[in-house]
Amino acid sequence: MSKHLLSIDDLEKKDVENIIELSFSMLEILSRDIKKVPTLRGKSVGLIFFEPSTRTRVSFEIAAKTLSADTVNLSEKGSSVEKGESLLDTIKTITALGVDFLVIRHRAEGFPHIVAKISGIPTINAGDGKNEHPTQALLDLFTMLTRKKLRKVDDLKGATISIVGDILHSRVARSGIKLFSKIGMNVILVSSHTTLPKGIEKLGNGNIKIKTQFDDEFFKSDFVMALRLQKERHGNFYFPSDREYNEIWGLDENVMTKLKEKNKDVVIMHPGPMNIGVEINSEVAYSENSAIFEQVRNGVATRMAILYYLFSHLQKIS
Ligand code: NCD
């Protein structure tokens, strides 16, 4: 792979297998009494978040610190961008200050690619508009394995994940579709016509199915991932109301009963933040089938694995 992680396209299957294997080792470190290893001592990670974030930013920060790296946080508020400095000059400044890795989230699609180019230092895309969110897809894959007590990426070959909701505006969906189909999973997308981008199935390896409502095939899923309605990206124009959305596409008790009839061990996922009562109801989100908080915990391990993988890759090429 290249020295950056900007898209799932940057990863060969072998890279995915290595990152997942490393995530298991990192999870073990996180279960120790003293959660600290010296791997990245003397290195620093710049966390540049120009869109809101809780899980992703904090998990990158914990991941870097567990590996003994220092972290520097930058958001639009409080930075020189507010004083009119161009974002690219801000990036050049951070780079000149001597940061070793950049983690960037920005509303503009493709912006992390530009940052990678101008900074020249290993850059990780933590979400660019509705384009991609590769570290989320990797932690989701890792969670499917931990939840099913599986170890190898190939163990998920032939399993089915359904992704439900606002596919049109979801970077989580785009990275997920690419990654899950790359490893041979079947992917079902369930969404209203209004939030189904034309040609989305082309992102996969031919194992993508599209549905506009729940049906028998959906109810047989091994994993079901709900997506948040990305209202900040579309206003309220795509659905008449939250209530109506919830009635048709929400994961509620009724949907859960039907899923469990076909597969009692179905795993429910959500990248967070959840809008309870819209795309998912509390009786589903907090049920024993839910892996939603395991996704958050695993996010730290996977991001440690990614930082370490980029670092060890750099050692090899320098
Ligand atoms: C997602 C994101 O920001 O893309 N959340 C996350 O990273 N955990 C999904 C969302 O905002 O709905």
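The values are calculated or read from the model by the stated rules, or taken from the named source; none is laboratory data. Just so you know, these numbers come straight off a predicted model, no measurement behind them. Cβ atoms come from the backbone with ideal geometry, glycine included; neighbour counts cover every protein chain shown. Note: areas computed on protein heavy atoms with side chains; ligands, DNA, RNA excluded. Shrake-Rupley method; radii C 1.70, N 1.55, O 1.52, S 1.80 Å.
Would you list which lysines come within 17 Å of Lys149, measuring only between C-alpha atoms, while excluding same-chain residues fewer than 8 positions from it?
Lys157, Lys264
Among Ser53, Val99, Ala116, whose Cα lies farthest out toward the positive end of the dipole of segment 51-120, if unit charges sit on the beta carbon of Lys, Arg (+1) and Asp, Glu (-1)?
Ser53
Taking the alpha-carbon set of segment 135-291, what are its Rg and Dmax in Å?
Taking only Cα atoms of segment 135-291, I get Rg and Dmax of 14.4, 43 Å.
Quick one: grab Rg to one decimal and Dmax as a whole number for segment 39-85, Cα atoms only, in Å.
12.1, 38
Assuming R0 = 51 Å, can you tell me the calculated FRET efficiency for the pair Lys152 and Arg243, based on Cβ-Cβ distance, to the nearest 0.05? All intermediate terms of the calculation are to be shown ahead of the outcome.
Working: r = 43 Å, r/R0 = 0.84.
With R0 = 51 Å, the Cβ-Cβ based efficiency is 0.75.
Report the semi-axes of the equivalent ellipsoid for the chain in whole Å, largest first, where each axis is √(5λ) for an eigenvalue λ of the Cα gyration tensor.
Details: eigenvalues 208, 104, 61 Å².
Ellipsoid semi-axes (Å, largest first): 32, 23, 17.
Can you give me the span-like helices of the chain, meaning DSSP H runs with 18 Å or more of Cα extent along the axis and Kyte-Doolittle mean at or above 0.0?
Numbers: long enough: 13-30 (26 Å, 0.38); 134-147 (20 Å, 0.46); 292-317 (37 Å, 0.38).
Membrane-span-like by this criterion, though nothing is claimed about a membrane: 13-30, 134-147, 292-317.
Among Met26, Leu229, Val284, flag the residue with its Cα farthest along the positive direction of the charge dipole of the chain, charges on Cβ as +1 for Lys/Arg and -1 for Asp/Glu.
Met26
Run the dipole for the chain about the Cα centre, Lys and Arg Cβ at +1, Asp and Glu Cβ at -1, nothing else charged, and hand back the magnitude in debye, nearest 20.
Working: 44 positive and 40 negative charges, 157 e Å.
Its charge dipole is roughly 760 debye.
What's the magnitude of the charge dipole for segment 241-318 around its Cα centre, counting Lys and Arg as +1 and Asp and Glu as -1 at the beta-carbon? Answer in Debye, nearest 20.
Details: 8 positive and 11 negative charges, 123 e Å.
In debye, rounded to 20, segment 241-318 gives about 580.
Roughly how many Å² is the accessible area per residue of segment 22-118, as a whole number, for a 1.4 Å probe? Spell out each step's value before the answer.
On the way: 4950 Å² over 97 residues.
The answer is 51 Å² per residue.
For the pairs Lys182/Lys209; Lys231/Lys262; Lys3/Lys152; Lys182/Lys316; Lys14/Lys209, note any where the Cα-Cα span goes beyond 22 Å. List each step's numbers first, then the result.
Numbers: Lys182/Lys209 15 Å; Lys231/Lys262 33 Å; Lys3/Lys152 24 Å; Lys182/Lys316 26 Å; Lys14/Lys209 26 Å.
The pairs that break the limit, which is 22 Å between Cα atoms, are Lys231/Lys262; Lys3/Lys152; Lys182/Lys316; Lys14/Lys209.
On a straight-distance basis, which lysines could pair with Lys77 in a cross-link, Cα separation under 19 angstrom, same-chain partners fewer than 8 positions away excluded?
The reachable lysines, counting only those whose Cα sits under 19 Å from Lys77, are Lys92.
Which length gain, in nm to one decimal place, applies between Lys35 and Asp70 when the Cα-Cα distance is subtracted from 0.36 nm times their residue separation?
On the way: separation 35, 0.36 × 35 = 12.60 nm, distance 1.51 nm.
Taking Lys35 through Asp70 to full extension adds about 11.1 nm, to one decimal.
Counting only protein heavy atoms and a 1.4 Å probe, tell me what percentage of the chain's accessible area is made up of carbon and sulfur.
Numbers: 6920 of 13700 Å².
That fraction is 50 percent.
Helix-only mean residue ellipticity at 222 nm, the chain, DSSP H runs n ≥ 4 weighted -39,500 (n - 2.57), per residue, nearest 500. What is it? Intermediate results must be reported in sequence, preceding the final value.
Values: 12 runs with 131 residues, N = 318.
Estimated from H runs of four or more residues: -12500 deg cm²/dmol.
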